[in-house]
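Coordinate-derived values only; no laboratory data. It should be emphasised that the depicted structure is a prediction, and the values quoted were computed from it without experimental measurement. Cβ atoms come from the backbone with ideal geometry, glycine included; neighbour counts cover every protein chain shown.
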Amino acid sequence: MATEIFIFKTGVQNDAHVQLVATLFRSVKAIKQWSFDLEDCDKILRIVALDIRPVAVEQLLLGEGLACEHMAYEL
């Protein structure tokens, strides 16, 4: 199992949304680190995770009414 970094475009707009995501992610042991760039026009969410699929993260946020779309990238 390798550690991976995922980038998502989100609909997170404010600190209340960030706190909601924080609560969601506390229950997901596979997510090791995460952060938002709310200054970016895409409200970027960056996740460092072990053994999780991007679709699982999308579903978590979508389940709370927050838009979330995995963005492919290369290092």
Suppose we filter segment 60-75 for residues that are under 10 Å from the mean Cα position of the chain (by Cα) and not charged (D, E, K, R); how many remain? 4
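For (1) of a type in the set (Asp, Glu); (2) in contact with a helix residue (DSSP H, G or I) (Cβ under 8 Å, 6 or more places away or on another chain), each residue gets a yes or a no:
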residue: Ala2; (1), (2): no, no
residue: Thr10; (1), (2): no, yes
residue: Asp15; (1), (2): yes, no
residue: Leu20; (1), (2): no, no
residue: Thr23; (1), (2): no, no
residue: Pro54; (1), (2): no, no
residue: Leu60; (1), (2): no, yes
residue: Glu64; (1), (2): yes, yes
residue: Met71; (1), (2): no, no
List the pairs whose first member sits in segment 28-45 and is farther than 19 Å from Ala67 by Cα, whose second member is charged (D, E, K, R), and whose Cβ atoms are under 9 Å apart, counting only residues at least 6 apart or on separate chains? Ala30/Asp51; Gln33/Arg46
Within segment 33-44, residues touching a strand residue (DSSP E or B) at 6+ places or on another chain (Cβ under 8 Å) and surrounded by fewer than 17 Cβ atoms within 10 Å (Cβ to Cβ) come out as Gln33, Ser35, Asp37, Asp42
Selected residue (criterion: nearest to Thr10 (Cα to Cα)) from residues of segment 55-75 that are among the small types (Gly, Ala, Ser) and exposed (fewer than 11 other Cβ atoms within 10 Å of the Cβ): Gly65
Checking the conditions here, which among Ile7, Ile52, Ile47 is surrounded by 13 or more Cβ atoms within 10 Å (Cβ to Cβ) and in a loop (DSSP other than H, G, I, E, B)? Ile52
Among the residues of segment 14-38 satisfying the criterion of being more than 20 Å from Ala72 (Cα to Cα) and outside any helix (DSSP H, G or I), which is nearest to the chain's Cα centre (by Cα)? Val28
Here is a check on your reading of the model: is Glu69 assigned to a strand (DSSP E or B) and of a type outside the set (Phe, Trp, Tyr)? yes
